Amino acid sequence: MSTDPAQRHPRDSAGGATVVDIQGLRKSFGTVEVLTDITTTVRTGEVVCIIGPSGSGKSTLLRCVNLLEHPTGGTILVDGLDITDPDCDIDRVRSRMGMVFQQFNLFAHLSVLDNCTVAQQVVLKRSKKEAEKVALVNLDKVGLVDRGDAFPAQLSGGQQQRVAIARALSMDPELMLFDEPTSALDPELVGEVLSVMRRLASEGMTMMVVTHEMAFAREVADRVIFMDGGVIVEEGSPDRVIGNPQHRRTRTFLKRVLDPTNVDPDDDDDDDVSEVEQHASAAAQKPARTSAEKPAQAAATADHDHGHGS
């Protein structure tokens, strides 16, 4: 199956509607700031892969997008709705998103089919018959339509994660969030999950994917974001960020991920870390935006991101 972006998306994602608009996002746990001035957008049909070392803030960023973590500052708009507004109906917004976690989070006491229908019936108020019809379509999409009567304990890890994807798809999401969906799997099971995600990308699903799978990011993503130290260090097309990174910290990270057996143990990345810390410090010193400034900054950021697009 071809994953060329031009074939995958009938419309140029850079010109599509903005699905997620993140402006000046900050998140602290106590006195520790884990996200500093994160600003980016995701457009309809775009696949954005977020890479970086453990502890860089990737998963926290993703969790902020559906408010599983509450931002300390900044704004996040999803389909034009500010989810950081206390008056926002977050359940309504979440109904448009699907999220797949590192762990599968399936209900152990429910069958595969029931796992994929319960939220439809409760949240979307679908009848059992309608919910089952939708669930079977999505189980077929992930190659598990014949396992509807099975229970999670009877499935492999890869199969359980595919059920989790089918469950999310059964809610008819406009946006899919994947938080390292293959990190808990045995290596031989990774491919079956990535294959499903490739298919979703080929069908034009808007996706934000936190991943350590560099080959997947390079093949499927429209845009790659490299994070470290709670900031976006570098972003752009996969060929640019993974194939020809401009930032020294990005190059060091990719060298260690792509060729771990040849990493020089004496290679000191203190300069890389210092450079990222300087970036974070500069971002932290930016004055807080007033409400009047936000629209102008949002427009400027949209132009900036369009220039960064693939």
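Would you be able to say whether some residue in region 253-265 is in a loop (DSSP other than H, G, I, E, B), modelled with pLDDT of 80 or more, charged (D, E, K, R) and farther than 18 Å from Phe178 by Cβ? Yes, some residue in region 253-265 is in a loop (DSSP other than H, G, I, E, B), modelled with pLDDT of 80 or more, charged (D, E, K, R) and farther than 18 Å from Phe178 by Cβ. Note on region 100-122: among residues that are assigned to a loop (DSSP other than H, G, I, E, B) and aliphatic (A, V, I, L, M), the one that is surrounded by the fewest Cβ atoms within 10 Å (Cβ to Cβ) is Ala108. Picking from residues in region 175-188 that are in contact with a Gly (Cβ under 9 Å, 6 or more places away or on another chain) and open to solvent by 30 Å² or more (accessible area, probe 1.4 Å), the one that is farthest from His109 (Cα to Cα) is Glu188. Could you tell me whether Gln154 is touching a residue at least 60 places away in the same chain (Cβ under 8 Å) and either over 21 Å from Val78 (Cα atoms) or among the polar types (S, T, N, Q) (or both)? Considered against the rule, which asks whether it is touching a residue at least 60 places away in the same chain (Cβ under 8 Å) and either over 21 Å from Val78 (Cα atoms) or among the polar types (S, T, N, Q) (or both), Gln154 comes out as no.
Can you find a residue in region 217-225 that is outside any loop (DSSP other than H, G, I, E, B) and under 20 Å from Pro173 (Cβ atoms)?
Yes, that holds for at least one residue.
Scanning region 66-87 for residues that are hydrophobic (A, V, I, L, M, F, W, C) and open to solvent by 30 Å² or more (accessible area, probe 1.4 Å) gives Leu68, Leu77, Leu81.
Pull up region 127-136, narrow it to residues that are more than 10 Å from Met171 (Cα to Cα) and either outside any loop (DSSP other than H, G, I, E, B) or touching a helix residue (DSSP H, G or I) at 6+ places or on another chain (Cβ under 6 Å) (or both), then point me to the one that is most open to solvent (accessible area, probe 1.4 Å). Of everything passing the filter in region 127-136, Lys129 is most open to solvent (accessible area, probe 1.4 Å). Taken over region 14-57, the criterion of being under 17 Å from Phe178 (Cα atoms) and charged (D, E, K, R) is satisfied by Arg43, Glu46. The residue pairs whose first member lies in region 207-233 and is within 11 Å of Met197 (Cβ to Cβ), whose second member is open to solvent by less than 10 Å² (accessible area, probe 1.4 Å) and among the aromatic types (Phe, Trp, Tyr), and whose beta carbons are closer than 6 Å, counting only pairs six or more residues apart or on different chains, are Val209/Phe178. As a summary of the residue check, Cys49 satisfies the conditions (1) farther than 18 Å from Ser202 by Cα; (2) at pLDDT 95 or above except for the one numbered (1). Scanning region 40-65 for residues that are surrounded by fewer than 22 Cβ atoms within 10 Å (Cβ to Cβ) and touching a Gly at 6+ places or on another chain (Cβ under 6 Å) gives a single hit, Thr44.
List pairs: first residue in region 82-107 and closer than 30 Å to Gln159 by Cβ, second residue open to solvent by 50 Å² or more (accessible area, probe 1.4 Å) and hydroxyl-bearing (Ser, Thr, Tyr) anywhere in the structure, Cβ distance under 8 angstrom, at least six positions apart or on different chains. Here the result reads Gln102/Ser183, each pair linking region 82-107 to a residue that is open to solvent by 50 Å² or more (accessible area, probe 1.4 Å) and hydroxyl-bearing (Ser, Thr, Tyr).
Within region 19-33, none of the residues are open to solvent by 30 Å² or more (accessible area, probe 1.4 Å), over 13 Å from the mean Cα position of the chain (by Cα), in contact (Cβ under 8 Å) with a residue 40 or more places away in the chain and under 28 Å from Ala215 (Cβ atoms). Here is the figure for region 137-147: residues that are assigned to a helix (DSSP H, G or I) and without any contact (Cβ under 8 Å) to a residue 40 or more places away in the chain total 7.
The values are calculated or read from the model by the stated rules, or taken from the named source; none is laboratory data. Owing to the predicted nature of the structure, the values given are computational and were not obtained by experimental measurement. Positions of Cβ are backbone-derived with ideal geometry, glycine not excepted, and every protein chain shown enters the neighbour counts. All accessible areas refer to the heavy atoms of the entire protein, side chains included, with ligands and DNA or RNA removed. Shrake-Rupley method; radii C 1.70, N 1.55, O 1.52, S 1.80 Å.
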